[in-house]
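What follows is calculated from the coordinates using simple rules that are stated; it is not laboratory data. Note that this is a predicted model, so its numbers are computed, not measured. Ideal geometry is used to build each Cβ from the backbone, glycine not excepted, and the neighbour counts take in all protein chains shown.
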Amino acid sequence: MMVSESYGFQEPETRNQRTLTVEAYISGKVQGVGFRACVNKIAAHLSLTGEVMNIEDGRVYIIATGELVIIEKFFSILHECPRAHVREIEYRETRPKSFSDFSITRR
């Protein structure tokens, strides 16, 4: 499922070059299995910036900034993290936010 199709993001003619910030909530077996480290590695490999953290309700929260096409790829790859079982990814575009890199944040 493409971010732009599912959530009505505006798409300029330079769709693949558009930079945006997306926040996501990942549910499933995603805590205590190395999922945040996997997310961090994938994001760094794709040159995304942002943060990933566990939240109290058992989900994982991600905020990521990058080109639309790269963010779409990022979310599709998350299902491949070993030992984790991603049941659902809820995401939406949010106000642009700039980060120096992608990091694991602990609350």
(request) Could you work out how far helix 35-45 tilts from the main Cα principal axis of the chain, as a 0 to 90 degree angle to the nearest 10? (result) 30 degrees
(request) Measure nothing fancy, just the Cα-based angle from helix 68-77's long axis to the longest principal axis of the chain, in degrees from 0 to 90, nearest 10. (result) 30 degrees
(request) With only Lys, Arg, Asp and Glu charged, each at its Cβ (+1 for the first two, -1 for the last two), find how big the charge dipole of the chain is about the Cα centre; round to the nearest 20 debye. (result) 400 debye
(message) Which one, GLY34, ALA44, ILE104, projects farthest toward the positive side of the charge dipole computed for the stretch 19-104 from Cβ point charges (K/R +1, D/E -1)?
(response) GLY34
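State the extension gain, in nm to one decimal, for the chain segment bounded by GLU56 and LYS73, taking 0.36 nm per residue of separation less the distance between their alpha-carbons.
On the way: separation 17, 0.36 × 17 = 6.12 nm, distance 2.70 nm.
Residue separation times 0.36 nm, minus the Cα-Cα distance, leaves 3.4 nm.
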(request) Determine, from the Cβ-Cβ distance of HIS85 and SER47 and an R0 of 30 Å, the FRET efficiency 1/(1 + (r/R0)^6), rounded to the nearest 0.05. (result) 0.65
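Kindly rank 38-48, 79-89 from highest to lowest mean number of other beta carbons found within 10 Å of each residue. Show your work: numbers first, answer last.
On the way: 38-48: 18.0, 79-89: 13.7.
Result, highest mean Cβ count within 10 Å first: 38-48, 79-89.
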(message) Given contacts defined as C-alpha pairs under 8 Å and at least six residues apart, what's the relative contact order of the chain, whole-number percent?
(response) 40 percent
